[in-house]
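Notes follow once the structure below has been shown.
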Amino acid sequence: VFAIKRMLNSWYSLGYLATAWFVFVAMLGYLCRSGELTACESGQAKHAGCVSESANVWSIHGQEFVKRNDLYIQNAVWLVFVSTMTVGYGDVVPTTHYGRLVCSLASLLGIIMASLVTASFSNMIQVRGCSFNSRT
């Protein structure tokens, strides 16, 4: 804990936090895409159930909807990025419970990272007692 506190007390802390944030966004984006991509839409599916209508039309609580997966990892990373910034535009939304869990974790990560950046800035701009004595 002391090492992390000492690392966040310098100007390098912004680089550390930015690097950690980019790594977490990339990892969570990959996990989100993996959760949203069903086995039938991966292109490798050879199961007979993937051909049936029930593979694409889902029924939840009596309501049917067509499951459309976004196959691009860029959109999953964008979804996680927007979630970590706690903005939530709504242009890309998770459709599975696993995707929602990953985006919830990304939102919590965004709150934690914002608090770490704020704490780092406040440590760097603190007025020290020796600053006042230098004019005399």
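List of remarks:
- Full-stretch length increase - V66, I111 - with 0.36 nm per residue and alpha-carbon distance subtracted: 12.9 nm
- Calculated FRET value between T19 and D91, using beta carbons and R₀ = 41 Å, to 0.05: 0.95
- Compared with the direct C-alpha span, the chain from T118 to M27 gains 30.4 nm at full extension, assuming 0.36 nm per residue.
- The packing ranking, built from the mean of other Cβ atoms within 10 Å per residue, places the peptides 93-102, 5-14 in the order 93-102, 5-14, highest first.
We did not get these values from a lab; they are worked out from the coordinates using the rules stated. No experiment lies behind these values; they were computed from the predicted model shown. All Cβ positions, even for glycine, are placed from backbone atoms using ideal geometry, and neighbour counts span all protein chains on display.
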